[in-house]
1. I'm trying to understand the selection: among the residues of the stretch A:307-354, which are of a type in the set (Val, Ile, Thr) and farther than 21 Å from A:GLY448 by Cβ?
2. Anything in the stretch B:96-108 that is within 13 Å of chain A (Cβ to nearest Cβ) and among the β-branched types (Val, Ile, Thr)? List them, or say none.
3. Quick check on the stretch B:86-95. Is at least one of its residues over 13 Å from the mean Cα position of the chain (by Cα), within 13 Å of chain A (Cβ to nearest Cβ) and hydrophobic (A, V, I, L, M, F, W, C)?
4. So A:GLY249 clears everything in (1) touching a residue at least 24 places away in the same chain (Cβ under 8 Å); (2) under 16 Å from A:LEU454 (Cβ atoms) except one condition, right? Which one?
5. Can you name every one of the strands (runs of 3 or more DSSP E) wholly within the stretch A:392-497 that holds 2 or more residues which are surrounded by fewer than 24 Cβ atoms within 10 Å (Cβ to Cβ) and at pLDDT 95 or above?
6. Would the stretch B:40-47 turn up any residue that is among the hydroxyl-bearing types (Ser, Thr, Tyr) and exposed (fewer than 14 other Cβ atoms within 10 Å of the Cβ)?
7. Please tell me if B:LEU62 is of a type in the set (A, V, I, L, M), away from chain A (no Cβ under 14 Å) and over 30 Å from A:ALA10 (Cα atoms).
8. How many residues does the stretch B:86-132 contain that are loosely packed, with under 15 Cβ neighbours inside 10 Å, farther than 30 Å from A:VAL217 by Cβ and of a type in the set (D, E, K, R)?
Amino acid sequence: MATDRTLIDALPKFLYRAEQVRAMDDYAINTLGIPGLDLMQNAGAASFQIMRKQWPKLNHISIFAGSGNNGGDGYIVARLAMEAELTVRVFALAPPEKLRGDARLAWQAFQSAGGATDAFTINQSPENGLIIDGLLGTGLDREVSGRYADAIKIINKFNGPVLALDIPSGLHADTGFPLGNAVRADRTVTFIGLKQGLFTGYGQEYCGNISFASLGVPLAVQESQQPSSELIGVDDVVLPPRNQNAHKGNFGHVLVIGGEQGYQGAARLAAEAAMRVGSGLVSIATRQAHASAMNLTRPEIMCHGVECGGELLELSQRATVIAIGPGLGQSSWGREMLNTIFQHNLPVVIDADALNLLARQRCFRDNWILTPHPGEAARLLEKTVEEVQKDRIAAATAIQKQYGGICVLKGSGSVVCEKETIPGICPLGNPGMATGGMGDVLTGVIAGLLAQRLTLGRAARFGTVIHSAAADFAAKAGERGLLAGDLMAHLRKLVNR
Amino acid sequence: MRIDLKDESQTMAIGAGLFKSIPRNGVIFLVGDLGAGKTTLVRGFLRAAGYDGIVKSPTYTLMEEYTLNNTRVLHFDLYRLADPEELEWLGIRDYLCDDVIFFIEWPKFADEFLPCPDIQFTLEHTGHHRGLKVAALSDKGKIIESRLKLVNPLDKQ
């Protein structure tokens, strides 16, 4: 095998469940006859390569090796590191003589090269260099306890960088939820197929940066499974250039409904976001008392005081898309506004308090997009937030089934679910987005894209990913102190590429 | 590696075997006279990958493109290439760093403009006899060839 070539592949788009990646592994070994040790060797070599590339000056490495194939990958890295004359310590969670199969062969090769292992005890902890996490792989489905939990705690107390093999130990490969204890890695190299849990919920937080190594398996191996979900990219949609003689009527009219007393900013942010992604016209329907003040600093937005359903119905005649929820409140005014919307058939983006109201009514509709955060999702499903976060893809799928249309479950690794389409996962975004108004901007972005006649599915996916991409650009000046309004200029760039 | 091919279905089977041997990227040169079965081999590859649309020779279009879940397949026929620069207009360079599998018929018409081949399939057709010669041209090609032997695509024929 060529050694100068990179063993790391570009991140593919498609994601799989752990059992599917195991089936690929099985197909490669048992149907195509590729020796399992070759795959393990490639996994170790790819990991070693990326380790040297990212941390070229760290010459002291500590490898935590479990009793399965993940530990086997670790022994390959250990041998390669020794051959490269690095200082290597291996902390074995299981006596290596008890290893089986390819992992045993990997250990034997390490041992023949002169390598030694230490049995792991809680008193041993590496002081410097770098840790390789080869404790637990993707097969894990219950709480981590005992010595493995101790080892994970020691790794997480370590000051230096941590590289996880295939998946951070303790993380659930399908849901991205930590099983009691999980390793917080700085980088994770994952093999053969991307596991969906690496990208949603706590996945990215525990994985750090994610690299992919296909291990050079035949294309047939990867194509042997239908993906369970896919990553959404900012390049998935390109908006067409505008015609020279275009007029504002070509790009739709978003009506934002919300902004109860004290929460006017929410509706205003949604409206501006809709304009910044290119909606032809944007109106706000809000409480009479502050309607005239709301567009003072953004006169491009039309602002109407609306106190009853009849007035709203008349106003909505001119709209092509409704966005309801930002700052709507749950009082009688908000309820009347939402009930009025149910009377006509425009595409709707439903957010915030409109979702809380919807949770009590349980309506079904095909042409709406629901954008709950985990708390709202929990209310929609009558579950706890933890239950939602424990399996975000399942939660988003359940909301889509129960309420129809499209569900965008927000939070790290936003999940977009649409009928008869595999869920999309947004890999972008940052913790700076955890501030008031950020969700209102998303509502406006999606509504503004709908106004320009993107289908519901495309508007939901593209809106979600450019919202996160804009936040990542804006966060270059620092995550702390990032404001929802800081996204506007970046959104404009992202829809004009 | 040399293989005797009885009929077209065996050429298809070689294509299917290649699907089980090649990673998500690679460059395959296809050599052989008109009617030797070059496009048939590509069709066998794509059928095995689950593609059930039309697979036709890119004799006049120069290039046909197919999208699979994990890669793209570009099938070139350079027989009618007037000037290798035409490849530049097709944007061949843009594809080089991606996950792409190249099948290139008549590579001799554009030698230095092409990516380095990993493996070459030479299809011979003399009288009633059809034969295939497989030559690995890179380390990756050697892996592909050894896996192709392992898969033994004509075994189940």
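1. First pass over the stretch A:307-354, keeping only residues of a type in the set (Val, Ile, Thr): A:320-322, A:324, A:340-341, A:348-350.
Scanning the stretch A:307-354 gives a single hit, A:THR340.
2. B:VAL100, B:ILE101
3. There is no residue in the stretch B:86-95 that is over 13 Å from the mean Cα position of the chain (by Cα), within 13 Å of chain A (Cβ to nearest Cβ) and hydrophobic (A, V, I, L, M, F, W, C).
4. (2)
5. Working: elements: A:406-409, A:415-418, A:421-425.
Answer list for the stretch A:392-497: A:421-425.
6. Checked the stretch B:40-47: no residue is among the hydroxyl-bearing types (Ser, Thr, Tyr) and exposed (fewer than 14 other Cβ atoms within 10 Å of the Cβ).
7. Working: of a type in the set (A, V, I, L, M): yes; away from chain A (no Cβ under 14 Å): yes; over 30 Å from A:ALA10 (Cα atoms): no.
Spelling it out, it is not the case that B:LEU62 is of a type in the set (A, V, I, L, M), away from chain A (no Cβ under 14 Å) and over 30 Å from A:ALA10 (Cα atoms).
8. Of the residues in that region, 4 qualify.
The values are calculated or read from the model by the stated rules, or taken from the named source; none is laboratory data. What you are looking at is a predicted structure, and each value in this text was computed from that prediction instead of being measured. In this analysis, Cβ positions are derived from the backbone assuming ideal geometry, glycine residues included, and neighbour counts consider all displayed protein chains.
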